[in-house]
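Working notes for the structure below.
The values are calculated or read from the model by the stated rules, or taken from the named source; none is laboratory data. What you are looking at is a predicted structure, and each value in this text was computed from that prediction instead of being measured. Here the Cβ positions follow ideal geometry from the backbone for every residue, glycine too, while neighbour counts run over all protein chains shown.
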Amino acid sequence: MGHFEKKSAKTSQDVPTSAMPDVVFMLLIFFMVTTVLREVTLQVKINFSRAENIEKITQKRLVSYIYVGPEKLSGNKLGETKIQIDDSIIEDVSAVQQLMYDKLKEEPKLIVSLRVHDETEFGIVTDIQQELREAGSLRINYSTKQER
Amino acid sequence: MFNDKKEREDPEVGGAGMADIAFLLLIFFLLVTTIDVDTGIGLQLPPAPQEDQKPPPIKTRNMMKILVNAQGMVLMGTGEPEPTPVPQVKQKIKEFVTNRGQNPNLSDSPDKAIVSIKTQRATPYNVYIDMLDEVMGAYRDLRNQAAQAQFGKTYDQLKDGSPEKGKVKDTYPKKISIAEPDQ
């Protein structure tokens, strides 16, 4: 002790880069794990209708979906027209109001995207719209694909 | 220092390139992943009707009534609704909105023009969407025309929230109302 060697002369000036891939992979894995892909298993059949003058919904987190279509039964059979919200089939239309009201409280700028099978009769959509009006979630979007 | 290196070689595999590989993979997947964009026809529902509230009086000429009936026929008109093929809906809406008081049976001004849509319980959904598509198309064309005439750009090219876009929007406000369903 007492006198120090001049270290700078001997050690290399480079920052060690061997750990870089580990950092990058860690980032990659972190984002892969934290990204939640919200997928719902459709319990109703939906063929999207096509339209020309459509708009894109850019803010996906504002969107909540209501699926309407014939229920998928075992053996590729289709049942009656049902409403599905999130992962469950709603038997009673009047339940839509409470569900949507709760969602609206969480997200005041809620957009309700109606994904309706193209051969559905419009009556059930009218019922849903009435419920949505009661719930106060007035922004809706009829989900359609671009016409080709 | 230099003598050292010549005597024994570094046994490690060069790890610096690994970062590049990882980045390349990351960028490749970022580009390849297509997040499917939601598309659809947006609409604003009217608020729930109050108990003792009467609808405001609207002159019949300012209200284009469209009825899509159970047979999938589109009936439209300000007075007596007449059957209209779906591809003609767009033209009719345009005439109705841009009338500006000329034809006594059509709207006073684009500002007052209201499109009222009525359906029946057994109305097929795809006909309804086709009809709505036509109505949206009419407004889109009109707004594009106005934007092109005033600013030399299409409506979509104008920036969101810019005064220009607001002005075009106010010229042709999209007043689409969903009629109360019959009880």
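Taking residue B:79, is it in a loop (DSSP other than H, G, I, E, B) and on the phi > 0 side of the Ramachandran plot?
On the way: in a loop (DSSP other than H, G, I, E, B): yes; on the phi > 0 side of the Ramachandran plot: no.
Judged against the criteria, residue B:79 is not a match.
Just wondering, is there one or more residues in the range A:138-145 that are within 12 Å of another protein chain (Cβ to nearest Cβ), hydrophobic (A, V, I, L, M, F, W, C), assigned to a helix (DSSP H, G or I) and under 15 Å from residue B:45 (Cβ atoms)?
The answer is no, given that none of the residues of the range A:138-145 is within 12 Å of another protein chain (Cβ to nearest Cβ), hydrophobic (A, V, I, L, M, F, W, C), assigned to a helix (DSSP H, G or I) and under 15 Å from residue B:45 (Cβ atoms).
Going by what's in this entry, would residue A:92 be described as in a loop (DSSP other than H, G, I, E, B), exposed (fewer than 14 other Cβ atoms within 10 Å of the Cβ) and either more than 7 Å from chain B (Cβ to nearest Cβ) or touching a helix residue (DSSP H, G or I) at 6+ places or on another chain (Cβ under 9 Å) (or both)?
Values: in a loop (DSSP other than H, G, I, E, B): yes; exposed (fewer than 14 other Cβ atoms within 10 Å of the Cβ): yes; either more than 7 Å from chain B (Cβ to nearest Cβ) or touching a helix residue (DSSP H, G or I) at 6+ places or on another chain (Cβ under 9 Å) (or both): yes.
So residue A:92 passes the test.
Would you confirm whether or not the range A:69-80 contains a residue that is closer than 30 Å to residue B:11 by Cβ and either touching a residue at least 40 places away in the same chain (Cβ under 8 Å) or crowded, with 17+ Cβ neighbours inside 10 Å (or both)?
Scanning the range A:69-80 turns up no residue that is closer than 30 Å to residue B:11 by Cβ and either touching a residue at least 40 places away in the same chain (Cβ under 8 Å) or crowded, with 17+ Cβ neighbours inside 10 Å (or both).
Given the structure, is residue B:100 under 26 Å from residue B:55 (Cα atoms), away from chain A (no Cβ under 14 Å) and in a loop (DSSP other than H, G, I, E, B)?
yes
Within the range B:103-147, count every residue that is outside any loop (DSSP other than H, G, I, E, B) and of a type in the set (Asp, Glu).
Summing the residues that are outside any loop (DSSP other than H, G, I, E, B) and of a type in the set (Asp, Glu) in the range B:103-147 gives 4.
Is it fair to say residue A:127 is surrounded by fewer than 15 Cβ atoms within 10 Å (Cβ to Cβ), at negative phi and in a helix (DSSP H, G or I)?
No; evaluated as a whole, the condition is false for this residue.
Does residue A:113 fit the bill of being touching a residue at least 40 places away in the same chain (Cβ under 8 Å), surrounded by 12 or more Cβ atoms within 10 Å (Cβ to Cβ) and out of contact with any Gly (no Cβ under 9 Å at 6 or more places or on another chain)?
So residue A:113 does not fit the description; no.
Being modelled with pLDDT of 85 or more, under 25 Å from residue A:50 (Cα atoms) and either within 23 Å of the chain's Cα centre (by Cα) or surrounded by fewer than 10 Cβ atoms within 10 Å (Cβ to Cβ) (or both) is the requirement here; does residue B:39 meet it?
yes
Just the residues that are facing chain B (nearest Cβ under 8 Å) and in contact with a Ser or Thr (Cβ under 7 Å, 6 or more places away or on another chain), please, taken from the range A:18-49.
A:49
What single numbered condition from (1) within 21 Å of residue B:119 (Cα to Cα); (2) surrounded by fewer than 20 Cβ atoms within 10 Å (Cβ to Cβ); (3) within 10 Å of chain B (Cβ to nearest Cβ); (4) free of Cβ contacts under 8 Å to residues at least 40 places away in the same chain fails to hold for residue A:122?
(2)
For the range A:8-80, please list each of the strands (runs of 3 or more DSSP E) lying entirely inside it that holds at least 1 residues being modelled with pLDDT of 80 or more and out of contact with any helix residue (DSSP H, G or I) (no Cβ under 9 Å at 6 or more places or on another chain).
Those strands (runs of 3 or more DSSP E) span A:55-57, A:63-73.
What residue, of B:97, B:115, B:135, is in contact with a helix residue (DSSP H, G or I) (Cβ under 9 Å, 6 or more places away or on another chain), more than 30 Å from residue A:68 (Cβ to Cβ) and not polar (S, T, N, Q)?
Answer to the selection: B:97.
Looking at (1) within 12 Å of chain A (Cβ to nearest Cβ); (2) surrounded by fewer than 16 Cβ atoms within 10 Å (Cβ to Cβ); (3) more than 19 Å from the chain's Cα centre (by Cα), find the lone condition where residue B:95 falls short.
(1)
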